[in-house]
1. Hey, can you tell me all the residues within region 62-75 that are under 12 Å from residue 14 (Cα atoms), in contact (Cβ under 8 Å) with a residue 40 or more places away in the chain and out of contact with any Cys (no Cβ under 8 Å at 6 or more places or on another chain)?
2. Search region 44-72 for residues being loosely packed, with under 15 Cβ neighbours inside 10 Å and touching a Phe, Trp or Tyr at 6+ places or on another chain (Cβ under 9 Å), and hand back the single one that is modelled with the highest pLDDT.
3. Looking only at region 55-69, count how many residues are of a type outside the set (Val, Ile, Thr) and touching a Gly at 6+ places or on another chain (Cβ under 9 Å).
4. Residue check: is residue 76 in contact with a Pro (Cβ under 9 Å, 6 or more places away or on another chain) and either at pLDDT below 90 or open to solvent by less than 40 Å² (accessible area, probe 1.4 Å) (or both)?
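The values are calculated or read from the model by the stated rules, or taken from the named source; none is laboratory data. Keep in mind that what you see is a predicted model, and the values were worked out from it rather than measured. Note that each Cβ is placed from the backbone with ideal geometry, even for glycine, and that neighbours are counted across all protein chains shown. To get the accessible areas, we keep the full protein, side chains included, count just its heavy atoms, and leave off ligands, DNA and RNA. Shrake-Rupley method; radii C 1.70, N 1.55, O 1.52, S 1.80 Å.
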Amino acid sequence: MTDQQPERSGSTAVDRFFAIPMGLIGITFPLFKFGTESVRNSLGWPCLGTGIALTAAGLLYCAWSRRSPGWGGLSCGTGGSIVGLLAFARYGPPW
């Protein structure tokens, strides 16, 4: 008989942390696309800013603790940059 081991999902605590800012960054698309200017200013920009700030905090934590940010950190950084630049280019600054 062979020894069976449970399957591992491959996600780490760091990857699970980056799910939070990715969710915030992901929710900004419908807020910007389908929302009015007041929705963009009251919900869209704060969600995007919080997602980018949490991503930066997570990346700094990974750098200081010498952990790898993995795919979660890479996707958050890339997604936040692209969404932020596109939103800024299309709708202008939030102020």
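1. Residues satisfying the conditions are 62, 67, 70, 71, 72.
2. 61
3. To start, the set of residues in region 55-69 that are of a type outside the set (Val, Ile, Thr) comprises 56-69.
Still in the list and also touching a Gly at 6+ places or on another chain (Cβ under 9 Å): 56, 58-59, 62, 69.
Of the residues in that region, 5 qualify.
4. Criteria met by residue 76.
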